[in-house]
Each structure stands twice: as structure tokens, then as C-alpha cells.
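Comments concern the structure below.
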Amino acid sequence: MGVSRSPGSYAVPMAYDEELADRVREVLEILEPGGGVTSKKMFGGIGFMIQGNMAVGVSGQGGLMLRIPPEQTDELAAREHTRPFEMRGKAMAGWLRVDADGVEDDDQLRGWVEIGVDHVRTMPPK
């Protein structure tokens with residue numbers, strides 16, 4: 001079944017990297033083959049949700065926005081091509097930005113998406 005999209009999701013040019021979004025969809029179809037992933041335009045990009053919780057997003061600023069275990073924020077933010085996700089200048093524990101250079105190949109992308117998916121699977125549905 002795959003990732004469901006809202007009607008007309010390709011009708012308007014988007015600010016985010018659509019090729020990266022398609023690559024994320026392909027990974028999610030492998031990790032969640034039952035079609036439990038939905039997508040939603042948000043924050044100038046597109047977010048991919050599992051049971052209503054965002055696991056990963058393709059940012060309008062480039063790269064990924066990733067949901068991570070809060071206790072792993074510092075460790076994961078220390079990796080190459082990553083930084084803490086900030087909202088209004090404040091770093092948000094449990095969220096990470098991964099630059100486009102950090103998801104150039106499919107193995108890199110899958111590794112990051114798996115972290116987000118694995119984390120949201122531990123969360124209650126919304």
C-alpha cells in the first residue's frame with residue numbers, strides 16, 4: 001500500500017527536495033510495508049508520520065528533520081552532517097537535523113530513517 005499522500009500533493013511546487021522525499025518514501029515502504037505511514041506538508045517541507053507521530057521530515061531548509069530518543073540527542077548531534085534541531089533559537093531535545101550531505105547515499109538515508117521509525121514505534125498513537 002505504501003505511503004499515503006493528501007490529494008493534489010504534487011499540484012503545487014514545493015520548497016523541499018522532492019527527490020529526497022521520494023527516497024524517504026521508498027525507505028518507509030520497506031520499513032512499514034503495511035501502509036501505516038502518512039505524509040503531511042508542514043514547516044515548508046513534508047513530514048512522515050507513523051500512528052500520528054512524525055518520524056522523519058524532509059525540510060524546506062534542506063536535509064532531514066528527525067525524531068530521535070531525547071536521551072540520544074547529544075550523541076547523535078555529534079555525528080558528521082548533523083546538528084540539533086532548533087525552534088526559535090532553542091535546541092529541541094528529541095529532534096535532529098541531518099544535512100543533505102549526510103543522506104547522499106541510500107545506506108546513510110536508511111540508517112537515519114530507521115532511527116526515527118524505531119523511536120516513534122515506542123510512542124503512543126495520536
Exercise for the section: Could you go through segment 41-56 in sequence order and give the Karplus-derived ³J(HN,Hα) for each residue, using 6.51 cos²θ - 1.76 cosθ + 1.60 with θ = phi - 60°, rounded to whole Hz, and x for Gly and Pro? Expected result: 5, 7, 6, x, x, 9, x, 10, 10, 10, 6, x, 9, 6, 9, 7
Handout entry: Solvent-free Debye scattering, log10 I(q)/I(0), computed from the Cα coordinates of the chain at q = 0.16, 0.20 Å⁻¹
Key = -0.72, -1.16
Practice task
Report the normalised scattering of segment 73-126 as log10 I(q)/I(0) at q = 0.25 Å⁻¹, calculated by the Debye formula with identical scatterers on the alpha carbons.
Solution key: -1.06
Completion exercise
Once amide hydrogens are built 1.01 Å from N within the peptide plane, the residues lying 5 or more places from residue 91 or on another chain with amide H under 5 Å from its amide H are none
Fill in the blank from the handout: Calc'd 3J(HN,Hα), segment 67-78, phi into Karplus 6.51 cos²θ - 1.76 cosθ + 1.60 (θ = phi - 60°), Hz, glycine/Pro = x, comes to 7, 9, x, x, 5, 9, 4, 4, 4, 6, 5, 7
Exercise for the section: Hand me the GluC sites (Glu not before Pro) from segment 59-126 located in a DSSP loop with no more than 16 other Cβ atoms within 10 Å, in residue order please. Expected result: 80, 104
Exercise for the section: Run the numbers on segment 18-120 and let me know its relative contact order in percent, using alpha-carbon pairs under 8 Å that are six or more apart. Expected result: 25 percent
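Just check segment 28-70 against the gyration tensor rule for me: Cα atoms, a ≥ b ≥ c as the square roots of the eigenvalues, rounded for a/c under 1.5, and otherwise prolate or oblate depending on whether a/b exceeds b/c.
Prolate, since a/c reaches 1.5 and a/b exceeds b/c.
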Completion exercise
The ³J(HN,Hα) series, computed from each phi in segment 111-126 with the Karplus coefficients 6.51, -1.76 and 1.60 at θ = phi - 60°, rounded to the nearest Hz and given as x for glycine or proline, is x, 5, 4, 4, 4, x, 5, 4, 5, 5, 5, 8, 9, x, x, 9
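Bear in mind that the values in this text are calculations on the coordinates, not laboratory data. Keep in mind that this is a model prediction, so the values were computed, not measured. Please note: Cβ atoms are built from the backbone with ideal geometry, for glycine as well, and neighbour counts cover all protein chains shown.
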